[in-house]
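Some notes on the structure that comes next.
The values are calculated or read from the model by the stated rules, or taken from the named source; none is laboratory data. Since the model is a prediction, treat every value here as computed from it, not as a measurement. Here the Cβ positions follow ideal geometry from the backbone for every residue, glycine too, while neighbour counts run over all protein chains shown. Areas reflect the complete protein model, heavy atoms only, side chains present, ligands, DNA and RNA absent. Shrake-Rupley method; radii C 1.70, N 1.55, O 1.52, S 1.80 Å.
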Amino acid sequence: MSDKTGFMLHLLKDAFKHFSHGLVVSALLILFGCGTASIKEDASGQPDDIEISLEEISEKLDYADNQDNDTRTRTYLNVTHALLEVEEIDWARNTLAQLSQFSVPEEQYIRYAVLSSALALAQGQAFRAKAFLWEDRLTDMEAQASLSDKIKLYEMRARLLLGLGEYRASIDMRLQLHSVLDEGEEESENNQDMLWQTLMELPYADLKMESQIQQEMLAKGWYTLAALSKDNQTNLGQQISEVENWMLNWPEHPTSLRLPADLRLLKQLDEEKPNQIAILLPFSGRFATAAEAIRDGILAAYYEASSHASEAPEVRIYDTSRTEINALYDEAVLNGAQLIIGPLEQSKITELSLRPELQVPTIALNRIASALAPPPGLFQFGLSLEDEAEQVAQQAWLDGHRRTMILAPSSANGDRSVTSFRKKWISLGGEITNDYRYKDQSAYSNLVKTALKVKESQQRRRAVRSLLGKSIEFEPRRRKDIDFIFLYSHATAARQIKPILAFHYAGDIPVYSVRNIYNGKIDTKRDRDLNDIRFTTLPWFFNNELPEKKAILKNIASSNYQFLYALGVDAYHIHPRLRQLKEVKQAHFYGSTGTLHLDESQKIRREQIWAKFSRGRAIPVTTFAQKNVL
C-alpha cells in the first residue's frame, strides 16, 4: 500500500463514502500484507458480491481485454476504484490510464470522470481534480445523466470545492444536490449537514450580504440562518431567540423541520451554564505577564457577555503560583466553581491530568504531550506552534508546492515548529531539500547564500575563469529545486532575511510563515521588507469591531501579548459550547484565535486565517488562487 497519505487522500476517502450509489466498492487490508479488494460485480459486469484478491486483478483485467468495450470499461473502472480504496495509487493510475477518455461509453463517463478526479486528489493535484469534474464532455451530458450519476457528481464537486476553500461554489453545489435528493432520507440529511458546515466557513459579513441579495428562497433561508447564528456565537440567549424567530419566519424551509445539530443543542447549553467560574493563573514568576494578559481577556469577554445577559456567573480568581495545584483546584470546587479556566503552566496541567476525573469542566490554557487519555472534564486549549506549522504544510501542499527549504532559528520553539512542519509535510508526500538554522543576524547572509547554493555558482565562475585564463560575463544563479520556503521567524529577523533572499536571486520563491512574524503593530516603513510573505495568524488582528478589542484597544495596541489576550477572550466565550463541540463532530466555534473544534482527546484545535504583507501592511487573504495545472 502506498504511504502517500494526507489531506486530499482523506478528502477522497470521505467522498467515496458518499458517492457509492450503485457502485458498491469497498476494500480492506488483511494480515501479512495480503490485500483483498471487494469488486462487487456479476458475470455481466453489474454490481454483485464477488471478492477477488489483489493478486487476481491482473488476471481479471486480461479477461476483460477480450470482452466488448462496455464490459471492459466497467471492469477497469471497478478495479481502479477498489485500488484507490486500498491506497494503491500508482496501480490505480496505471489501470485507469488503459482507458481512452474518448472510448468510454456515455453511460459510464461520469464514473470515469469522478475516478479521474479522485486519482488526481490522491496525488495531491487538487486543481487538476477540479478540471476533471468540469470537463466539457461531462458538463454537456450532465443534464441527461441518471439521477444516481448526478448525485455522485454533485457530491464529489461539493466536497472538492469545500476542500479548495471555494465555499460559495460548494454551497451552490449542495443546493443543487438538495434538489435531486428525497427530503427526509439519510442522503438528504447528510447533504444538509455538509451545507451547514460549509456555510459556517464564510465570514459573517459575507453571510449577511448573501442573505440580503439572494433571490432564490431556499438559499436565502440558509444564508439568513447562518448569518444570525454566527453573529450571536458569544450570546447564547440572543442566538436562541434569533433561531426561534427564524423558524417562525421560515416554516416551510427544510431546516425548520430539522435544525443543524449544533443549533438543536442551544437550549440545553443555556440551561447548563455555570453559576460560578474560577480562573486559575500564575500572577507571580516568569508567567505573570502572560497570565495578566489572559486574565484581562477573560474579564473583557465576561463583562461584554454580562452586559447582554439577565444573570451573570460569579467569577473568582486564584493564583496558581502560590499554592499546590491539586489543593487549589479542590478549593475552587469547594467554593462553588462549576467551571474552571486554567491553569496555564504545563507542569500543573500534567498534575491535574493524573487525576481519575475532574469534578467540573476545566479549560486548561496550554497543551501537554501525554500518551495517557485525559481524565473526563479536562479540555486543553492553547496557541500551539505545532498546529500552525501543520497548517502551513497543508496549505502549501494544496497550493501545489512539493519541494521546500526550511529557514528557522536554533531555538526550542524553532525546533518544535520545524519538527511539526516536517512531519506533516512528509506525510503529505512533500520533499524537504534542506533545513537551515541561524543563530544571530550576522549569519543571515551567509546562511541564505549557502542555502540557495549561490556560493557554488560563484565557485563555478572562478573555476571556469581559471580554466580559460580570462574574465567572463557572469550572473550568479540560485538553485532551482525549491517551490517555497518555510520561514519560522519573528518580524525582526524576517525583515533582514526576506531582502537577503531577493538579493541572492530568490525574490520569486514564495515564503510561508506563522503568527510569530506579526504582532499586530502597523509599521509600514519597516514591514515593506516583508512584502509577499504569507502567514497564518489570529483573526483577532483584523477585526476592530470586536467589543472586547474596542474596550482596551488603546492599552494593547502596542502590546506583544495581544495573542494571549485573544486566548483569554476565546477561553471565556467557548465555555458554554464545550458540550456542543463534543457531541457534534462538525461543530466549530469561530473565535478571535481561529476556527476552533474539539478532537477525540478533548484538545481544542485551531485553524487560523491567512494573511500576507503588501505595501508594508498585513492584510487577510483567501487561501486559494485559481490556477490551471493541466
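Could you tell me which of rounded, prolate or oblate describes region 290-401, using a ≥ b ≥ c as the square roots of the eigenvalues of the alpha-carbon gyration tensor, with rounded for a/c under 1.5 and, failing that, prolate when a/b is larger than b/c and oblate otherwise?
In terms of gyration-tensor shape, oblate.
May I ask you to give the solvent-accessible area per residue for region 225-360, in square angstrom, as obtained with a 1.4 angstrom probe? Before the final figure, lay out each step's value.
Details: 6450 Å² over 136 residues.
It amounts to 47 Å² per residue over region 225-360.
Leaving out ligands, DNA and RNA but keeping every protein chain, what accessible area does Leu352 have, in Å² rounded to the nearest 10, with a 1.4 Å probe?
Only protein atoms counted, so the area is about 0 Å².
At a probe size of 1.4 Å, how large is the accessible area of Ile317, to the nearest 10 Å²?
80 Å²
Rounded to a whole number, what % of the accessible area of region 482-549 do carbon and sulfur atoms account for, probe 1.4 Å? Show your work: numbers first, answer last.
Values: 1320 of 2670 Å².
Of all accessible area on region 482-549, carbon and sulfur atoms account for 49 percent.
Taking all protein chains in place and a 1.4 Å probe, what share, in percent, of the accessible surface of region 100-190 do carbon and sulfur account for? Mind dumping the intermediate values first?
Numbers: 1610 of 3530 Å².
Exposed carbon and sulfur together represent 46 percent of the surface.
I want the local charge near Ala145. Using Cβ-Cβ distances under 10 Å, sum +1 for each Lys or Arg and -1 for each Asp or Glu among the other residues.
Details: positive: Lys150, Lys152; negative: Glu106, Glu107, Glu142, Asp149.
Net charge in that neighbourhood comes out at -2.
Using mean Cβ contacts within 10 Å as the protection proxy, how do 535-544, 570-579 order, highest first? Intermediate results must be reported in sequence, preceding the final value.
Values: 535-544: 20.1, 570-579: 22.5.
The densest-packed peptide leads the list: 570-579, 535-544.
So how do Tyr438, Tyr561 rank on accessible area, 1.4 Å probe, biggest first, that is with the largest at the start?
Working: Tyr438 15, Tyr561 90 Å².
Correct descending sequence by accessible area is Tyr561, Tyr438.
Using DSSP to define loop residues, name the trypsin sites (Lys or Arg not before Pro) in region 56-116 whose beta-carbon has at most 14 other beta-carbon atoms within 10 Å.
Details: sites: Lys60, Arg72, Arg74, Arg93, Arg111; in loops: none.
Counting only loop positions with at most 14 other Cβ atoms within 10 Å, none of the trypsin sites (Lys or Arg not before Pro) in region 56-116 qualifies.
Here are some pairs, Lys273/Lys603; Lys273/Lys521; Lys150/Lys423; which of them have Cα atoms lying more than 27 Å apart in this structure?
On the way: Lys273/Lys603 21 Å; Lys273/Lys521 36 Å; Lys150/Lys423 38 Å.
The pairs that break the limit, which is 27 Å between Cα atoms, are Lys273/Lys521; Lys150/Lys423.
Restricting to DSSP loop positions (anything but H, G, I, E, B) with no more than 13 other Cβ atoms inside 10 Å of their own Cβ, which chymotrypsin sites (Phe, Trp or Tyr not before Pro) remain in region 132-161? Walk me through the numbers before you get to the answer.
Details: sites: Phe132, Trp134, Tyr154; in loops: Trp134.
The qualifying sites are Trp134.
So how do Phe283, Phe102 rank on accessible area, 1.4 Å probe, biggest first, that is with the largest at the start?
Numbers: Phe283 50, Phe102 180 Å².
Per-residue accessible area, sorted high to low, gives Phe102, Phe283.
Sequence neighbours fewer than 8 away in the same chain don't count; with that in mind, list the aspartates and glutamates whose C-alpha is under 19 Å from Lys549.
Those aspartates and glutamates meeting the cut-off are Asp231, Glu292, Asp296, Glu304, Asp570.
What figure in square angstrom, to the nearest 10, would you give for the accessible area of Met200 with a 1.4 Å probe?
Taking all protein chains as shown, Met200 has close to 10 Å².
Of all the accessible heavy-atom surface of region 381-421, with the other protein chains kept in place and a 1.4 Å probe, what percent is carbon and sulfur? Let's see the in-between values first.
Details: 510 of 1100 Å².
The value for region 381-421 is 47 percent carbon and sulfur by accessible area.
Suppose every K and R has +1 on its Cβ and every D and E has -1 on its Cβ; what is the size of the dipole of region 313-430 about the Cα centre, in Debye to the nearest 20? Write down the numbers at each step before the final one.
On the way: 11 positive and 14 negative charges, 119 e Å.
Dipole size: approximately 580 debye.
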